[in-house]
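The values are calculated or read from the model by the stated rules, or taken from the named source; none is laboratory data. Since the model is a prediction, treat every value here as computed from it, not as a measurement. Using ideal geometry, Cβ is built from the backbone for each residue, glycine included, and neighbour counts are taken over all protein chains shown. In case anyone asks, the SASA skips ligands and DNA or RNA and just uses the protein heavy atoms, side chains included. Shrake-Rupley method; radii C 1.70, N 1.55, O 1.52, S 1.80 Å.
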Amino acid sequence: MIIGIEYTKRVKNGLVVKNIPYKIHDKPCDEGCCKNDKTIGVRDKLRVNWLLNVFMPSKNITVFDYKYWSEELTSLWREHRRKTI
């Protein structure tokens with residue numbers, strides 16, 4: 001059962017994405033896939049990877065607050081996914 005949300009950051013090559021939502025569970029999952037009883041959604045994980053690997057370096061952004069994800073970014077992210085799939 002999910003008992004809360006924790007916001008954390010991810011740092012890669014000097015770039016920082018902060019306020020990434022992780023779900024806090026009351027126990028580890030049966031498959032043992034969660035570390036410290038926390039999970040991140042697949043969509044959020046893909047978006048954060050795109051921010052750190054594509055968007056932020058191309059725009060010379062060093063810190064991004066994930067709480068400010070927008071519809072414009074969703075469009076750019078989807079366009080990038082269509083090109084790479």
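Can you tell me which of (1) under 28 Å from Ile85 (Cβ atoms); (2) at pLDDT below 95; (3) surrounded by fewer than 16 Cβ atoms within 10 Å (Cβ to Cβ) is the one Ile5 doesn't meet? Ile5 satisfies all of (1) under 28 Å from Ile85 (Cβ atoms); (2) at pLDDT below 95; (3) surrounded by fewer than 16 Cβ atoms within 10 Å (Cβ to Cβ) except (1). Annotation: of all residues in the range 57-84 being under 15 Å from Leu15 (Cβ atoms) and assigned to a loop (DSSP other than H, G, I, E, B), the one that is least open to solvent (accessible area, probe 1.4 Å) is Ile61.
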